[in-house]
Every structure is written in C-alpha cells, then in structure tokens.
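The values are calculated or read from the model by the stated rules, or taken from the named source; none is laboratory data. It should be emphasised that the depicted structure is a prediction, and the values quoted were computed from it without experimental measurement. SASA here: full protein model, heavy atoms, side chains in, ligands and nucleic acids out. Shrake-Rupley method; radii C 1.70, N 1.55, O 1.52, S 1.80 Å.
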Amino acid sequence: MKKYIIFSVLLALTLTACNEKDDGPGDDVIEGVDLRHEYDGKIVEIQKASKGSGINIVMMGDGYLASDIADGSYEEVMRKASDYLFLLQPMKSLKEFFNIYLITTVSMSSALDGMSALGCIVYNSSVNGNPSGSVMTQRAKKYVKKLPNYDEKNTFACIIINSHNYGGVTYYPWHADEETNYDNLISYAYSTLHEEGIDGQEFKNTLQHETVGHAFAKLADEYVYTTSSYASATTSARNQVKNIYWPKYWYYNIAGTNTQSDDLPWKAFMDDPDYASEHLGFYEGANYYRAGYWRATENSIMRDTQGDVRFNAPSRYAIYLRTILLGEGRVPTVDEFKTFDKAHRD
C-alpha cells in the first residue's frame, strides 16, 4: 500500500511575513448563495505556452463566493496574481514556457474554517487544513485534475486565500515508494492577500517565495527559528542536502557544510567576477536552523518577503534549470544559464 506523505514549508512571520496570524472568523463573515453548479470548476486559459512542451500553472482561490466570480473580482485577483509570478528574473524572461490556467472555486462562506472549497483555515497562527494540510491538497487536486492536459509531473498550483491576515505555506505531496520521482510531483503553494491586499508588495513577494521558490524551483527556506529545538541541525539531516536533494535539483540555495566542493550549486558563481556584487559565500543559518546549514547570500526573497528582495544566483539557476528540465526535457549547463542570466538581470 502506498504511504502518502505531506512535506510542508511553513514560513516565520519574524523574517518573511509568511506565518499566519489571525484570531479566527469574525463578524465580517459573508454567507453565499449555492451557485456551485453554475460557477464551480470552470477553467479559463490565461496564457498558452509558446516555448517548450508547456508547464502548467493553475491559479485558484479559497474563501471566495459565487458573487465574487459573477462580478469578476475573483478573476481579477487570479490574473493579477499570475502576473506577479513573473515580476522578477528569471521568471520574467521565461514566461513563454508556461501555460496559465484559472479554475473557479466556489465557497459557501467567506469564513476560512475548513469548510470552504479548498478547506483552508486561517486560525491560531497557522494556515492549515481540517484536520491537516492533506485535506487542502486533496481538495485542490480535484480541481487541478480537471485540466485537459493535466500531468502531475508538469503542473503546480498557486492558491490565493481570501484573507488579509499574514499567511503562506507550500505542500509537497509524494508517495514514499516513488521517491525517485518526487522532485517533479505537483506542489501546492498558498498565500493570503496580506494586510495591503492584492496590490501590496508583501503579497507579491510571498507569491514569489511560495509559488516560484518553493512549489516550482524546490528551494529551501533561508530563515531560522529562534526556539531551542532549532539551534543546530543534525549531521544526518545536513548530509541529506548533498546526498538526496541536490541530485534531484532541490535546495540549490542552501548547503549542509561550508565547504566549497565541486558540486556546490553556487561554486561557479563564487568564482565568476560578474557575480561579485552578490557577495556569494557561506552565511550560517537556513532551513529553520541557526547552525548547521548555510545559505549563499546574506539576504534573498527566500529569507525575507518584505521590501525590495530578489532571488540570488543559485536560486535563479534553480528556477532556470527547472524550467528547461520540464519545458524541454533536458538539464541546462551552468554556462548556458550564465549566458541567459547575464542578459536578463533585474
């Protein structure tokens, strides 16, 4: 029997504004009319890929009523959010590789109490499903599978939670007995609208962090937790970065040692004077732990989602690599990426 495992990436408010903070449903909860038969599950094609085989991005929302779909506000949010995924390099210059779809989801209430279309809960400082994140991903998968060209190894989902509380989480579902394939299985990225709403910088950055960084490029978090249990990573956990994740093109933005080995994802950039301005090196503290993991730069969008933040060089390479791997079925060389990167920098 297959064992189904959920890997979640829950982000800390202190560094990324991606940890959720809410006191539960309030008096502003709106009840909807049951028009699911008319609006739910409809697919709108936003963009057709003009390069490669086409990588599917699915835009969906949770906590939206039928009236939000009828008046066009749901589609406006999803279209804006899809545009935000391509604000930064290298995604800005890779957009032609992606199919972008909007799927409507109708909730009967705006209360994010686990009973909405996708089962999201914004309550007690966490985005979660009821009773777990597996409920969220299973509900989302029912919609995503409606795509006419659905392929779980070439599709990922971006889900906008209709709440102005802080929030962001990404789930990586995979089957334990299919471990060799889990690097390409569909991932689900969730983000609330944050305090400033759809046009706010924090929302835009969180979409980049969760959907592009985690769900698509399989990048690690670069921030740390302050609790004692995250003081130092074990040797076994640190070794997994080099022995398990890097060979599958995961976690290219962190390392389990501060050794400049030949397989270090950012070694080629450290030796290149064209990347000197990024100050690449070994900065201890990443993957939640204050010691034992190292990140490539002092700061990046995988560490902080406030203000003017970007993807660092190894993260940009991971995004480019994943795009070419899924879009063209090959692994690009570092030199190929450098040529692209130097021509398409922010």
With an 8 Å Cα cut-off and a minimum separation of 6 or more residues, compute the relative contact order for the chain in percent. 20
Under the classification rounded if a/c is under 1.5, otherwise prolate if a/b is larger than b/c and oblate if not, where does region 237-299 fall, given a ≥ b ≥ c as square roots of the Cα gyration tensor eigenvalues? oblate
Per residue, how much accessible area does the chain show when a 1.4 Å probe rolls over the protein heavy atoms, in square angstrom? 41
Pairwise centroid distance, computed over Cα atoms, of region 214-272 with region 87-151, Å: 27
Run down the lysines and flag those whose C-alpha is under 19 Å from the C-alpha of LYS342, throwing out any fewer than 8 positions away in its chain. LYS92, LYS95, LYS267
So what J values fall out for region 44-51 if you push phi through Karplus, 6.51 cos²θ - 1.76 cosθ + 1.60 with θ = phi - 60°, rounded to Hz, Gly and Pro as x? 10, 7, 8, 8, 10, 4, 10, 10
